[in-house]
Amino acid sequence: MAIFFWVKSVCIGESSSIGLSIGGCYLFYRQIIDWWIPFSYLGTVIIMPFILKQDPLFHLLSGGLLLGAFFMATVYVTSPITSR
């Protein structure tokens with residue numbers, strides 16, 4: 001759990017996973033993004049480490065995974081699907 005409170009200077013996804021999680025929850029709250037894009041992205045990353053016998057929490061909280069799930073995968077260019 002120490003990786004969640006990362007204290008050294010690294011890229012944005014590693015240093016502020018708390019902030020990225022709060023930002024993602026804010027986007028859900030404001031209904032700017034749909035739930036299924038980030039959750040399918042994160043769900044895949046949870047399943048694959050179990051298959052490869054690795055720690056899924058490490059993969060979720062280290063690197064730009066949260067940044068990619070909440071902010072890059074839900075951009076209107078990469079997911080151009082509307083409710084209509």
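The values are calculated or read from the model by the stated rules, or taken from the named source; none is laboratory data. The structure displayed is predicted, hence computed values, not measured ones. For neighbour counting, all protein chains shown are included, and Cβ atoms are generated from backbone atoms with ideal geometry for every residue, glycine included.
Details
- Contact annotation: no residue pair with Cβ atoms under 7 Å, 6 or more positions apart or on different chains, pairs a residue in the range 35-59 that is more than 18 Å from residue 22 (Cβ to Cβ) and surrounded by 11 or more Cβ atoms within 10 Å (Cβ to Cβ) with a partner that is basic (Lys, Arg) and modelled with pLDDT of 90 or more.
- The range 65-82, subset closer than 12 Å to residue 32 by Cα and in a loop (DSSP other than H, G, I, E, B), residue modelled with the lowest pLDDT: 82
- Within the range 48-63, one or more residues are of a type in the set (S, T, N, Q), under 13 Å from the mean Cα position of the chain (by Cα) and at pLDDT below 85.
- Members of the range 7-47 that are over 17 Å from residue 68 (Cβ atoms) and at pLDDT below 85: 7, 8, 9
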